[in-house]
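Quick notes on the structure that follows.
No value in this document is a laboratory result; all are computed from the given coordinates. This one's a predicted model, so the numbers in the text were calculated from it and none came from an experiment. With ideal geometry, Cβ positions are generated from the backbone for all residues, glycine too; neighbour counts draw on all protein chains shown.
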Amino acid sequence: TDPSHIRNFSIIAHIDHGKSTLSDRILEMTGTVAHRDMQAQLLDSMDIERERGITIKSQAVRVSYTADDGETYQFNLIDTPGHVDFTYEVSRSLAACEGAVLVVDATQGVEAQTVANAMMAMNANLEIIPLINKIDLPSAEPERVKAEIEDGLAIPADDAVLASGKTGVGVHDLLEAVVYNIPAPQGNADAPLRALIFDSYFDPYRGVVALVRVVDGSMHKGQKLRLMASGKVIQAEEVGARHPVEEPLPELSVGEVGYLVTGLKDLSHVKVGDTITLAEGGVDEPLPGYREAKPMVYTGLFPIDSDQYEPLKEALEKLSLNDPALIWEPEKSHALGFGFRVGFLGLLHMEVVKERLEREFNLDLLATAPSVEYHVYRQGGQMISLHSPQEMPDPGEIERIEEPYLKAKILIPPDYVGAVMDLTVARRGTFVTMNYLSQHTVEMLWEIPLSELIMDYFDKLKSNTKGYASLDYDFDGYKPSNLVKLDILLSGKPIDALSFIVHRDKAYERGRVLTEKLKDIIPRQMFEVPIQAAIGGRVLARETVKAKRKDVLAKCYGGDISRKRKLLEKQKQGKKRMKAIGNVEVPQEAFMAILKVD
Ligand code: GDP
Ligand code: MG
């Protein structure tokens, strides 16, 4: 296709503002997918994505649109994930585009990831088309939202498209705006091939498939190509476009977006952000890459039944084929046996992976409380990266410990400034600055330790602001902190899988709250179970689970069989998530209680 008739764009938004629904409508209204084949959120292909209504992987789809000027255009539309864990996917996608449609919910207005995504699009020099969505809702306030876009983001919004992805109103206006406002790709058709890999996945039948944007030259089936970062030479087994059904093509020409079947079997050779060129007579200078995904949160995953160790390992291997951000290594716990320490991009990524392991691979898993990566400097200067509290050296060997900090951006209505202050200061946050995006929205910037953020901070933030707050964050670097390892002892024995790292000033409080919680969570056993929180040998708090007196069934008088059965059934379900540690049965909840601060 002639580049003047190509438009490459992304749709970006805060989560739930309607990106996926809008993409669906575009596919339907351009006749790409017939109405009868429409399935809500068509581009969200993973089961979990559809169920949870979130987009995890980026998707690229080619759409053909005949505009009001009578010309037919090729649109390459890239749906991006909106959740903060998956921000790195957004930045990859943007590098393949000339424009972005910034979707803002007319009832919610500008939120934290609206700002973050808009910034990324601006930094990538994209033309931005603001679109105010969900105008079908009675509570829509398009004028207010326009003002927020102009004041808060400095994006002119007079000509913002007013639309509803649900009813289709305004979608035609959007398609016309794409033709007229988003620049056609600029590239040299006669230069040697340079193409950008912006996503890749493993197909069990064909190996690694890369999603690519041709920047210069063209890419043909059968061509010998070189992946510049890994140095791998491959033969293009197939190239084509997705509608989203794949259509093989003889070539991808300059400016086009499409897929390439690489024939490689190992996803790690096909690095997202890498440049593809010709194996012979190619370029020397790769395209600028982008930020690599780095795990932020680590957790121990242990099979409840130790026979499932090998199946768990195989499942992790399979999932990693498609998820380069997922990293893991074996971990041994005295309490829980053999398992894995697994690194994730964030808590949502962790939940999604755990859910997939359990559902798709039929595993029963116990997850320990997530922790961050600490940098521990030994006396004498050697640094170790600590992924698990268990690996903490003795305090006498430690010179200092540093922990990861975030720059957090919180958007709230002005009434909640005080509530956010209280909560965030209590979580060791340092206030940086605050400014009004509009009369309805304040933007606050904070520096906060990541370890505090993963302790149910977001839930608390939401509940303390009646759900209005939105949050976005970026890694800010490591800073020294006065940290200690807090041990939890059951019946006098330290349980390694329950220990965690905490700021010294908070240790007493967290120890007290946690022992109280554990007292309620750990079921009564035939004997008394003392629970203690301690630093080194010093006990900070103590509670006791009393010994069991009655049989559960004693509660069911008479012959109410069905009730009895229900009770037994319930017990069995509860059992599934229990693990015997020594002679104490400890439920999954006990490990997560560490995250619930108050
Ligand atoms: P995404 O997270 O940005 O991809 O948002 P989704 O497309 O998944 O939509 C989030 C929720 O908003 C879903 O429940 C949609 O049904 C709903 N929604 C999306 N667009 C509209 C719209 O134009 N009008 C109304 N009333 N609801 C919408
Ligand atoms: Mg979505």
Qualifying aspartates and glutamates (Cα of each under 17 Å from Cα of K134; at least 8 residues distant if same chain): D16, D24, D105, E111, E143, E148, D159, D173
Segment 264-340, dipole about Cα centre (Lys/Arg Cβ +1, Asp/Glu Cβ -1), debye to the nearest 20: 220
Loop-resident sites, segment 440-541, for trypsin sites (Lys or Arg not before Pro), counting at most 16 other Cβ within 10 Å (DSSP): K466, R524
Rounded to 5, percent antiparallel among DSSP beta bridges of the chain: 85
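Which whole-number percent is the relative contact order of segment 391-502 (Cα, under 8 Å, 6+ apart)?
Values: 174 pairs, mean separation 38.2, N = 112.
Relative contact order comes out at 34 percent.
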Segment 203-343: relative contact order as a whole-number percent, Cα under 8 Å and 6+ apart: 22
Percentage relative contact order, the chain, counting C-alpha pairs under 8 Å, at least six apart: 10
Value at 222 nm in deg cm²/dmol, rounded to 500, when DSSP H runs of n ≥ 4 in the chain each add -39,500 (n - 2.57): -7500 deg cm²/dmol
0 to 90° range, to nearest 10: angle between helix 561-576 axis and the chain longest Cα axis: 70
Computed lengthening from L445 to T433, 0.36 nm per intervening residue step minus Cα-Cα distance: 3.8 nm
